[in-house]
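Accompanying notes for the structure given below.
The values are calculated or read from the model by the stated rules, or taken from the named source; none is laboratory data. Keep in mind that what you see is a predicted model, and the values were worked out from it rather than measured. Quick reminder, even Gly has a Cβ in these numbers, built from the backbone with ideal geometry, and neighbours come from all protein chains shown.
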Amino acid sequence: MEYIIKNGMVYDPLNNIDGEKMDICIRDGKIVESVGESAEVVDASGKIVMAGGVEPHTHIAGPKVNVGRMMRPEDSEKDVEAKSGDRRSGSGFSVPSTFMTGYRYTEMGYTTAMEAAMPPLIARHVHEELVDTPILDKGAYPLLGNNWFVMEYLKNGEVEECAAYIAWLMRATKGYAIKVVNPCGTEAWGWGGNVHGINDPAPKFGITGAEMIKGLVEANEMIGLPHSVHLHCNDLGHPGNYETTLASFDIAKNIKASPKYGERDISLYGTHVQFHSYGGTSWRDFESEAPAIADYLNKNDHIAIDVGQITLDETTTMTADGPMEFDLYTLTGFKWANCDVELETGSGVVPFIYSSKNPVHSTQWAIGMELFLLTKDPGKIMMTTDHPNAGPFTRYPRIIAWLMSSKYRNDLIENELHAWAQKRSSIATIDREYSLYDIAQVTRATAARVLGLSETKGHLGVGADADVAIYSFNPETQDASSDYMTIEAVFRMADHVFKDGEIVVKNGELVKPRIDGRTYWVNCHFNEELEKNVISDVKKKFKQYYTVNFENYEIGDGYMRRSAPIEIK
Amino acid sequence: MIKGTGDMMSKIILTPKEQPQVPLEVDTILPDTLAGKTIDEIKSMNILYGNTEVELQEFFDVEGESGEDPSELQIEFNGDVYNTKRIGQGMTTGEIVVKGNASMYVGAKMKGGKITVEGDVAGWAGQNMQGGEIVVMGNAGDYLGSAYRGDWRGMSGGKITVHGNAGREIAEYMLGGKIHIIGNVKMLPGIHMNGGILIIDGNVISRTGGEMKGGTIIVNGRIGEFLPGFEYLGVRKDIDVDGEVMQGLFYKFRGDFATKGADGVVYTATAKNAHIVP
Ligand SMILES: [Zn+2]
């Protein structure tokens with residue numbers, strides 16, 4: 001099947017195309033130079049054309065997401081979709097069911113989404129849910145920041161052994177990238193504690209967060225993974241944590257990115273940095289240090305971040321940062337779920353209500369916005385809500401509208417937010433507005449590049465996967481700054497979406513809900529001799545400590561409908 | 001007809017043909033939605049039969065006369081609708097009368113108006129109720145005036161009166177309004193209660209006010225077994241709770257200190273409850 005998308009205004013930062021009227025040609029699922037006379041024409045005149053959105057950090061599948069669904073029937077009840085045609089029913093405002101997750105990302109013009117926290121032992125559950133998340137291409141990041149093998153290898157200075165273990169684990173769990181959450185802190189939580197900062201050693205293992213980050217970044221580049229280490233820093237949500245954040249970022253400063261696949265140039269990825277940009281010493285003198293973080297980003301090229309923007313909704317927090325969730329539970333008194341994953345990680349789930357009347361939440365909103373607006377190069381920053389932690393991903397259109405309209409922001413700051421938003425941050429003094437080019441960068445291009453997927457994702461050049469979103473907004477006649485409500489509406493429901501060259505959204509309606517996306521994973525071949533030794537060591541530990549047999553740990557290909565291995569040799 | 005208002009009201013009578021084994025759900029059939037419709041239009045309104053939408057007339061004979069003003073409209077379920085759920089769910093005005101028993105969720109999310117059930121109601125009546133009035137002449141099931149499963153924000157306003165007995169965990173997570181049970185109740189009335197008033201004229205089996213943080217529970221009968229997390233504050237005479245005056249002598253307790261920030265109050269009539277006073 002051939003298509004030609006005609007006369008749209010194209011925003012494609014990876015190819016330096018900034019609002020040019022041009023045609024996009026599609027054949028056999030790919031963007032091509034030209035198509036024949038018989039190609040179906042999709043008229044995009046007076047509309048925006050972008051590559052399909054790329055989500056670098058979300059929580060949409062697996063054990064803790066499902067715990068969120070199970071423990072919050074009241075969240076399911078308030079957002080219900082009936083079955084219609086081929087489209088399945090679903091429910092959940094902050095933790096939607098799998099099918100609804102696929103539909104809603106697609107409706108917004110997103111075509112790729114990465115599950116950011118996969119406990120290796122429970123990887124099977126993650127993949128089972130990803131299989132039931134339609135349309136989207138996806139991948140999942142195994143949690144390694146509190147893993148006993150990793151802690152032991154790195155404590156002994158055995159970075160190569162650690163790399164061999166990780167290479168095996170990526171294959172075994174069908175994982176995509178190294179995820180680190182509160183390194184050593186979740187292990188300490190197994191003993192009822194936490195670590196404070198990057199130099200506080202984990203109990204028994206004696207290794208610090210700083211040593212874990214350094215060792216894992218080295219191992220990552222030794223293997224040559226497409227993505228960098230994906231770091232959720234220590235001290236999440238603590239006033240004064242920005243120093244920990246900057247010190248963590250600095251660890252990777254002199255380690256060179258060496259991916260064997262893709263065009264990544266960073267050696268560290270900082271996630272939901274809004275939660276890590278806090279000044280003060282308590283909630284009483286709490287203030288924004290987003291300018292210090294943005295300044296660091298402006299001066300350093302080895303790091304990129306996603307924001308984790310607060311959307312001021314009732315939502316569900318869920319993370320492998322077990323001790324942080326306990327803090328949240330004691331703060332709110334809401335229901336709380338807690339889990340320990342044997343030798344690997346832990347997690348917690350707590351509902352949360354972000355309120356515009358609350359001084360801290362208002363400041364958190366401002367901090368996220370400051371990160372977006374003070375970081376000069378949108379090639380270093382990505383839009384996320386750490387879904388559903390800071391808010392549901394379905395609020396991305398509203399964040400886009402906030403970024404494109406200082407009027408929208410100021411109305412909110414002056415009329416709805418607590419005065420702290422202005423007093424404890426610089427947000428009220430910033431009048432920068434994102435362009436559509438900037439939006440394309442923070443919602444697609446940057447993520448595709450840092451994930452190592454920019455050969456086929458995040459752009460509209462020849463050879464890219466034909467994942468395309470068309471939005472009904474005419475940049476020649478409409479002004480996003482004043483017409484922000486329209487921006488919000490058009491980015492919530494795309495006019496057309498192509499996935500792998502097929503029309504899945506047509507005239508604002510999801511017409512192909514039953515197609516499957518790829519599962520990206522990294523087929524690592526590192527040092528096979530060393531890996532043999534490492535595996536025999538791992539097998540011994542399995543007998544000693546794990547509740548499952550080594551043979552039952554690996555995930556077979558049957559757990560993916562469209563397995564898309566990335567070969568690393 | 002309901003005394004005092006009935007004469008002015010227009011009335012739609014729904015006579016059940018049979019109650020199927022698979023439940024019906026009728027949250028579409030409210031004074032709010034019937035007002036302004038002809039009888040023929042009402043007959044073909046959709047209700048749920050299991051997971052299937054069917055027309056109202058498939059299970060009910062419809063007669064009477066509708067009016068333009070929902071507040072002047074009464075819907076009468078003229079018979080036993082023991083397997084019909086969600087009667088009056090979400091209604092804001094007008095009246096519903098049930099001439100027999102009703103199934104679950106009577107008056108759930110109700111904001112205004114009045115529902116009278118002459119028989120019994122099953123569980124979850126008045127769930128997350130915000131206003132209006134529910135009167136049950138028979139017995140009520142479990143979770144009367146409670147929160148939706150999982151929610152910690154329950155009934156916030158309105159009034160529920162049960163002339164018979166009620167089940168377990170009534171007034172769960174209650175925030176406001178008033179519930180009055182004239183008969184007996186089972187375990188855990190007022191569990192997680194945070195506000196409002198719960199009056200029980202009969203006896204309670206056990207665990208009154210478990211993990212309550214606010215609100216007031218008054219038990220005029222006997223509490224079988226009381227929880228240890230309550231502080232005894234002494235005897236009070238002729239109590240007045242937000243204008244609700246009760247004559248006689250009462251033991252006063254505060255709790256439940258099994259939970260943080262507890263400030264709930266339980267009064268029990270002294271006559272039958274000497275066994276729970278320290
Ligand atoms: Zn996350």
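One residue stands out among those in segment A:234-285 that are acidic (D, E) and touching a Ser or Thr at 6+ places or on another chain (Cβ under 7 Å): the one that is nearest to the ligand (Cβ to nearest atom), which is A:D235.
Number of residues in segment A:449-499 that are within 17 Å of A:V49 (Cβ to Cβ) and of a type in the set (D, E) equals 4.
Against the test of being surrounded by 24 or more Cβ atoms within 10 Å (Cβ to Cβ) and under 16 Å from A:L312 (Cβ atoms), the options A:A421, A:A448, A:A464, A:A440 yield a single qualifying residue, A:A421.
Of all residues in segment B:73-132, those satisfying the criterion of being touching a helix residue (DSSP H, G or I) at 6+ places or on another chain (Cβ under 9 Å) and β-branched (V, I, T) are B:I75, B:T92, B:T93, B:I96. In summary, B:V277 fulfils each of the numbered conditions (1) surrounded by 15 or more Cβ atoms within 10 Å (Cβ to Cβ); (2) over 26 Å from the mean Cα position of the chain (by Cα) with the single exception of condition (1). Inspect all residues belonging to segment A:84-91 and state whether any of them is modelled with pLDDT under 95 and within 14 Å of chain B (Cβ to nearest Cβ). Among the residues of segment A:84-91, at least one is modelled with pLDDT under 95 and within 14 Å of chain B (Cβ to nearest Cβ), which makes the answer yes. Looking only at segment A:333-351, residues that are under 25 Å from A:V180 (Cβ atoms) and either more than 14 Å from every other protein chain (Cβ to nearest Cβ) or surrounded by fewer than 21 Cβ atoms within 10 Å (Cβ to Cβ) (or both) come to 13 in all.
When segment A:132-150 is filtered for residues that are among the hydrophobic types (A, V, I, L, M, F, W, C), farther than 30 Å from A:G458 by Cα and in contact with a helix residue (DSSP H, G or I) (Cβ under 7 Å, 6 or more places away or on another chain), the ones remaining, listed by number, are A:F149, A:V150. At least 3 residues being closer than 19 Å to A:S425 by Cβ is the threshold, and among the helices (runs of 4 or more DSSP H) wholly inside segment A:188-305 those reaching it are A:242-251, A:290-299. Applying the criterion of being within 20 Å of A:I5 (Cα to Cα) and of a type outside the set (A, V, I, L, M) to the residues of segment A:42-78, the residue that is nearest to the other protein chains (Cβ to nearest Cβ) is A:G53. For segment B:9-16, the condition holds for at least one residue, the condition being that it is part of a strand (DSSP E or B), among the β-branched types (V, I, T) and surrounded by fewer than 20 Cβ atoms within 10 Å (Cβ to Cβ).
Please specify each residue of segment A:108-156 satisfying the condition of being within 27 Å of A:P397 (Cα to Cα) and acidic (D, E). Matches in segment A:108-156: A:E115, A:E129, A:D132, A:D137. When the residues of segment A:306-315 are narrowed to those that are more than 14 Å from chain B (Cβ to nearest Cβ) and assigned to a strand (DSSP E or B), which ends up nearest to the ligand (Cβ to nearest atom)? Among residues in segment A:306-315 that are more than 14 Å from chain B (Cβ to nearest Cβ) and assigned to a strand (DSSP E or B), the one nearest to the ligand (Cβ to nearest atom) is A:D306. Residues in segment B:124-165 that are surrounded by fewer than 23 Cβ atoms within 10 Å (Cβ to Cβ), touching an Asp or Glu at 6+ places or on another chain (Cβ under 9 Å) and among the hydroxyl-bearing types (S, T, Y) were compared, and the one that is farthest from B:I217 (Cα to Cα) is B:Y148.
The residue that is farthest from B:G214 (Cα to Cα), among those in segment B:139-155 that are within 13 Å of chain A (Cβ to nearest Cβ) and of a type in the set (D, E, K, R), is B:R149. When segment A:316-332 is filtered for residues that are within 14 Å of the ligand (Cβ to nearest atom) and either under 17 Å from the mean Cα position of the chain (by Cα) or within 14 Å of chain B (Cβ to nearest Cβ) (or both), the ones remaining, listed by number, are A:T316, A:T317, A:M318, A:T319, A:A320, A:D321.
Checked across segment B:19-26, the condition of being acidic (D, E) and touching a strand residue (DSSP E or B) at 6+ places or on another chain (Cβ under 8 Å) holds for at least one residue. Considering only residues in segment A:158-213 that are surrounded by 24 or more Cβ atoms within 10 Å (Cβ to Cβ) and of a type in the set (F, W, Y), the one that is farthest from the ligand (Cβ to nearest atom) turns out to be A:Y165. Among the conditions (1) more than 14 Å from chain B (Cβ to nearest Cβ); (2) within 16 Å of the ligand (Cβ to nearest atom), A:F99 misses just one, which is (2).
Residues that are under 24 Å from A:R514 (Cα atoms) and either free of Cβ contacts under 8 Å to residues at least 60 places away in the same chain or in contact with a Phe, Trp or Tyr (Cβ under 8 Å, 6 or more places away or on another chain) (or both) within segment A:78-89 comprise A:D79, A:V80, A:E81, A:A82, A:K83, A:S84, A:R87, A:R88, A:S89, listed in sequence order.
The residues of segment B:156-179 that are within 13 Å of the chain's Cα centre (by Cα) and either under 16 Å from B:E118 (Cα atoms) or within 14 Å of chain A (Cβ to nearest Cβ) (or both), listed by number, are B:I160, B:T161, B:V162, B:H163, B:G164, B:N165, B:A166, B:E172. Assessment of segment A:168-177 against the conditions (under 22 Å from A:A140 (Cα atoms), of a type in the set (F, W, Y) and part of a helix (DSSP H, G or I)) yields at least one matching residue. The set of residues in segment B:234-265 being under 20 Å from B:G196 (Cβ atoms), without any contact (Cβ under 8 Å) to a residue 60 or more places away in the chain and part of a strand (DSSP E or B) consists of B:R236, B:I239, B:D240, B:V241, B:V245, B:M246, B:F250, B:K252, B:F253, B:R254, B:G255, B:V265.
Of the strands (runs of 3 or more DSSP E) that lie entirely inside segment B:25-65, those containing 1 or more residues that are farther than 19 Å from B:A102 by Cβ and out of contact with any helix residue (DSSP H, G or I) (no Cβ under 8 Å at 6 or more places or on another chain) span B:52-55. Scanning segment A:56-75 for residues that are part of a helix (DSSP H, G or I) and closer than 29 Å to A:Y520 by Cα, we see that the one that is farthest from the ligand (Cβ to nearest atom) is A:M70.
Just one residue in the set A:D386, A:D377 is among the acidic types (D, E), surrounded by 23 or more Cβ atoms within 10 Å (Cβ to Cβ) and touching a helix residue (DSSP H, G or I) at 6+ places or on another chain (Cβ under 8 Å); that residue is A:D386.
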